[in-house]
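Undergrad: Provided herewith is a single structure, encoded as structure tokens, for subsequent inquiry.
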Amino acid sequence: MAARFPGAKTELYSEVIGQICLAFAIDRNKSMTMTDFNLIEIKKLMKYMVFQSKVNFSDKTFLSELTEYGMMPISKGLTFIDAQGNNMKKLKNDFKITKQHKIYNDKLFSDKMVKRDNPYTAFIKSKQSAKADKWNPADIWVMTQKGVSNLAHMNSLVMSRTKNSLESANHFFAEQFTHRDIIPVSLKQPQASPHIEIVNSNEFVTRLVLNETNNPTVEYTMGNKDVKVNFTVETIKLDKNQKASTARRNPQNIRGKVVKGSQKHIRLKYHVDNKKIELEYTQSGNYPTLAKAKMGNLGAANFQNIINKTSKQGVGVLNKIQEKYTDIDIKTDPFFNGRQLGITKARHSKLQLEPHYTRLSHYVSELFESITGDVPDFQKDAKGGLNKADGLWNKSRAGEFGLAVSGISNHTAKRRVIQNLYETAASISYATGLSQSEQDMMEPSTRKVEFNACVYVKVF
């Protein structure tokens with residue numbers, strides 16, 4: 001059913017349902033279900049919600065499509081509304097959201113216009129190259145009147161200055177979050193059980209761990225055209241005498257306790273078609289199934305920049321292989337090739353690629369051997385398409401990313417590269433390079449934090 005509502009509509013309906021479900025939890029102190037979802041009930045809840053002009057419950061088409069989207073099955077007889085209702089009840093309870101709060105849709109706020117009521121004003125004024133959702137990916141902003149007034153005051157100061165520190169804004173939002181006056185909430189596809197994670201608060205940080213799963217760190221296999229980077233993150237509740245900013249700079253020297261049940265197995269999956277890596281989470285605990293929702297993504301320009309400026313050990317290994325294949329237009333700069341043989345869309349160029357099957361197979365064989373220590377029989381892989389030239393062409397691009405990570409021989413540097421990729425994709429921070437302690441251990445590459453992301457709550 002979701003396919004019927006692509007792109008902007010999917011995002012809009014998901015956010016609006018999240019607002020309605022949270023308003024219901026505030027008003028009734030229980031989870032909304034599909035049977036509660038009707039126009040009469042929604043009108044009773046309007047006092048808690050603020051929408052943009054596109055949201056019009058008097059429009060029969062809008063209401064019909066919104067309801068249809070909400071009826072989408074999630075699991076075990078639960079609809080999207082049922083699952084989101086459970087999520088929003090937990091959110092309301094965990095963060096003590098009261099009838100003094102209002103729920104604002106993020107589309108009310110421009111990520112380009114400096115205004116007193118815009119939570120993104122400080123980010124806009126800081127003139128970062130990244131998009132605003134990498135700083136704060138909130139879909140809804142839950143605020144008291146006090147929070148709204150405090151935001152207007154902060155933005156007045158921001159607007160009066162020629163230079164602004166984004167860290168000052170981050171501190172402001174962290175304080176507002178601590179007092180529960182401003183609660184930014186990122187909504188992901190709900191599942192059968194609610195999962196809530198606090199990102200970038202003053203009380204908690206996440207720590208990345210390798211080799212905690214049964215899968216290799218870099219998973220490069222037949223049967224598909226992708227590559228995956230597997231790792232684990234856990235939430236640490238900090239000791240009272242350690243600042244979150246200090247802990248994030250030196251993640252191997254974090255003082256605190258692992259929050260019970262917070263460990264999540266995560267993978268970065270590189271999709272060669274759109275040149276993006278996407279975050280995919282397993283459910284908390286020992287469940288083997290990946291969450292259906294994508295938890296963030298990162299484009300090629302960003303992940304190439306992060307790898308190049310953090311550790312080029314793996315890129316160096318890749319480049320040595322690529323030097324042997326200049327005859328099929330494989331270049332070492334940039335190290336992720338998109339134009340081998342002058343072809344940009346392999347699915348439309350099978351005939352052009354086919355004469356180069358042998359050379360492509362040699363290239364991909366070397367990538368496989370470097371990443372996995374083994375060379376598979378490509379002729380046996382009809383499912384992944386490696387028995388054909390266009391399949392190998394796709395797999396080579398995935399392997400280039402994989403080797404850029406797996407080819408890093410130093411464990412500390414590899415972990416930092418993965419952490420920088422993860423934190424940027426997950427909107428925790430945008431950083432490149434190594435910390436001072438990591439530099440002392442190996443490479444003269446200074447870690448540079450472009451910016452730390454703002455506090456927010458992720459619901460999934």
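Every number here is computed from the coordinates shown, using simple stated rules; none is lab data. For clarity, every value in this text was computed on a predicted model and none was experimentally measured. All Cβ positions, glycine included, derive from the backbone under ideal geometry; neighbour counts span all protein chains shown.
Undergrad: Step through the residues of segment 265-270 one at a time and calculate ³J(HN,Hα) from phi using the Karplus curve (6.51 cos²θ - 1.76 cosθ + 1.60, θ = phi - 60°), rounding each to whole Hz and writing x for Gly and Pro.
TA: Listing the rounded values in order: 8, 10, 9, 9, 9, 8 Hz.
Undergrad: Starting from one equal scatterer on each C-alpha and no solvent at all, send me the Debye-based log10 I(q)/I(0) for the chain at q = 0.06, 0.08, 0.11, 0.13 Å⁻¹, two decimals.
TA: -0.29, -0.52, -0.95, -1.23
Undergrad: Select from 12, 173, 277 the residue farthest towards the positive end of the dipole of the chain; place +1 on Cβ of Lys and Arg, -1 on Cβ of Asp and Glu, and compute about the Cα centre.
TA: 173
Undergrad: Find how many whole Å separate the alpha carbon centroid of segment 169-189 from the alpha carbon centroid of segment 106-159.
TA: 11 Å
Undergrad: Given Cβ point charges of +1 (Lys, Arg) and -1 (Asp, Glu) and nothing else, what value in debye, to the nearest 20, does the dipole of the chain about its Cα centre take?
TA: Working: 68 positive and 45 negative charges, 234 e Å.
It comes to approximately 1120 debye.
Undergrad: Additional query: Rounded to whole Hz and in sequence order, give me ³J(HN,Hα) for segment 126-142 from the Karplus expression 6.51 cos²θ - 1.76 cosθ + 1.60, θ = phi - 60°, writing x for Gly and Pro.
TA: Values per residue, Gly and Pro as x: 6, 6, 7, 7, 6, 6, 4, 6, 7, 8, 8, x, 4, 9, 9, 10, 9 Hz.
Undergrad: How much length is gained on full extension from residue 352 to residue 211, taking 0.36 nm per residue of separation minus their Cα-Cα distance?
TA: Extending this stretch completely gives an extra 46.7 nm.
Undergrad: If I model a spin label at residue 56 and residue 41 as a point 7 Å from the Cα along the Cα→Cβ vector, what separation in nanometres do I get?
TA: 2.5 nm
Undergrad: For each of 311, 75, 14, count neighbouring Cβ atoms within 10 Å of the residue's Cβ, then give the residues from fewest to most. Don't jump to the answer; show the numbers that get you there.
TA: On the way: 311 29, 75 13, 14 22.
By the 10 Å Cβ count, ascending, the order reads 75, 14, 311.
Undergrad: In debye to the nearest 20, how big a dipole does segment 2-196 give about its Cα centre with +1 on each Lys and Arg Cβ and -1 on each Asp and Glu Cβ?
TA: Values: 29 positive and 18 negative charges, 81 e Å.
In total the dipole reaches around 400 debye.
Undergrad: Moving on to the next point. For 31, 156, what's the fewest-to-most ordering of other Cβ within 10 Å of each Cβ?
TA: Values: 31 21, 156 11.
Going from sparsest to densest Cβ surroundings: 156, 31.
Undergrad: To the nearest 0.05, what FRET efficiency results for residue 149 and residue 96 with a Förster distance of 22 Å applied to their C-beta separation? Spell out each step's value before the answer.
TA: Working: r = 19 Å, r/R0 = 0.88.
Calculated value: 0.70.
Undergrad: Could you work out [θ]222 nm for the chain from helices alone, using -39500 (n - 2.57) per DSSP H run of at least four and dividing by all its residues? Round to the nearest 500 deg cm²/dmol. Write out the running numbers ahead of the final one.
TA: Working: 15 runs with 176 residues, N = 460.
After summing the helix terms and dividing by the residues of the chain, the value is -12000 deg cm²/dmol.
Undergrad: Ratio of alpha-carbon Rg to the 2.2 N^0.38 Å globular estimate for segment 2-196, to two decimals, please. Can you show the working numbers first?
TA: On the way: Rg = 17.1 Å, N = 195, 2.2 N^0.38 = 16.3 Å.
Dividing the Cα Rg of segment 2-196 by 2.2 N^0.38 Å gives 1.05.
Undergrad: Now, a different point. Sequence-distant or interchain residues sharing an amide H contact under 5 Å with residue 186, placed H: which?
TA: Those lying under 5 Å, H to H, from residue 186 are 139, 457, 458, 459.
Undergrad: Also: Could you tell me the center-to-center distance, by alpha carbons, between segment 378-422 and segment 33-101 in angstrom?
TA: 41 Å
Undergrad: Against the longest alpha carbon principal axis of the chain, how many degrees, from 0 to 90 and to the nearest 10, is the axis of helix 166-178 turned?
TA: For helix 166-178, the angle is close to 50 degrees.
Undergrad: Antiparallel DSSP bridges in the chain: what percent, to the nearest 5? Display every interim value, and only then the final one.
TA: Details: 48 of 54 bridges.
In the chain, DSSP labels about 90 percent of beta bridges as antiparallel.
Undergrad: Report the full-extension gain for the segment residue 63 to residue 127: residue separation times 0.36 nm, less the Cα-Cα distance, to one decimal in nm. Mind dumping the intermediate values first?
TA: Details: separation 64, 0.36 × 64 = 23.04 nm, distance 3.85 nm.
Extending this stretch completely gives an extra 19.2 nm.
Undergrad: Can I ask one more? Projecting each Cα onto the charge dipole of the chain (Lys/Arg +1, Asp/Glu -1 at the beta carbon, about the Cα centre), which of 262, 162, 137 comes out farthest on the positive side?
TA: 162
Undergrad: Which cross-chain or sequence-distant (5 or more) residues have an amide H under 5 Å from the amide H of residue 227, H modelled 1.01 Å from N in plane?
TA: Under 5 Å from the amide H of residue 227 lie the amide H atoms of 270, each far enough along the sequence or on another chain.
Undergrad: Okay, moving on. Round to the nearest 10 and give me the degree value, 0 to 90, for the angle of helix 389-406's Cα axis relative to the longest principal axis of the chain.
TA: Roughly 70 degrees between the two axes.
Undergrad: Spelling out what I want: for every residue of segment 58-74, take phi, set θ = phi - 60°, compute 6.51 cos²θ - 1.76 cosθ + 1.60 (Karplus), and round to whole Hz; glycine and proline get x.
TA: These are the phi-based 3J(HN,Hα) values: 7, 7, 4, 5, 4, 5, 5, 5, 4, 5, 4, 4, x, 7, 4, x, 9 Hz.
Undergrad: Sequence-distant or interchain residues sharing an amide H contact under 5 Å with residue 259, placed H: which?
TA: Sorted by chain and number, the residues that satisfy this are 235, 236, 237.
Undergrad: Going by how many other beta carbons lie within 10 Å of each one, how would you line up 72, 34, fewest first?
TA: Numbers: 72 20, 34 15.
Fewest-to-most ranking of 72, 34: 34, 72.
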